[in-house]
1. Mind putting a number on the dipole of the stretch 85-132 about its Cα centre? Charges go on the C-beta only, +1 for Lys and Arg and -1 for Asp and Glu, and I need it in Debye to the nearest 20.
2. Just grab the label-to-label distance for S35 and E114, each label 7 Å out from Cα along the Cβ direction, in nm (one decimal).
3. Just to confirm my numbers, what's the Cα centroid distance between the stretch 1-50 and the stretch 71-86 in Å?
4. Quick one: work out Rg over Rh on the C-alpha atoms of the stretch 46-137, Rh as Kirkwood radius.
5. Which trypsin sites (Lys or Arg not before Pro) from the stretch 21-98 combine a DSSP loop assignment with at most 13 other Cβ atoms within 10 Å?
6. Could you work out the relative contact order of the chain? I mean the mean sequence separation of Cα pairs under 8 Å and 6+ apart, divided by the number of residues, in percent.
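Read-outs: derived from the displayed coordinates by stated rules, not from any lab. This structure is a prediction, so every number in the text was calculated from the model and none was measured. Please note: Cβ atoms are built from the backbone with ideal geometry, for glycine as well, and neighbour counts cover all protein chains shown.
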Amino acid sequence: MEVVVGPVSADSTDAYVRFGREVLHAAGPGADVPSDAASAFDAYLDEWEAMASDGGDVTWVGEAEPEVVEYLVYSFFRVAQEVRQAAGDRTVVPEEASSFYRLLVSGLLGALEEEGGSRAEFAAHLREFWPGGLELP
């Protein structure tokens, strides 16, 4: 399955990478991520950081088996829920990172929806309840 994120500014991508590492490696919600998911998230953050280093606009295209995407999206959703709960009503994702974040969530859920069947239903459910009330494209 293919997941596409972008085009989005390298600045937003870089800001999201910094935010993602902070959440993933701080004591708190990110610490509860299963080790295999945390390793995958770290690898993606490395990819996005390398892309952002060139500046301009970036588009990331990732390939993974649908069951892997579904598992990682669910792990991502759980962390987003926990981070949001810990923050109360305040905005969690930094403004400069929000473009990348919205496109990432939308790209992941859109790829699952394109798979159809139970994966599409799963994505539709997550889209409805994604923490933070994102306006997803």
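1. 100
2. Between S35 and E114, the simple spin-label model gives 3.4 nm.
3. Cα centroid of the stretch 1-50 versus Cα centroid of the stretch 71-86: 12 Å apart.
4. Values: Rg = 13.9 Å, Rh = 14.3 Å.
Ratio of gyration radius to Kirkwood radius: 0.97.
5. Details: sites: R21, R78, R84, R90; in loops: R90.
Answer in residue order: R90.
6. Working: 166 pairs, mean separation 51.0, N = 137.
The normalised contact order for the chain reaches 37 percent.
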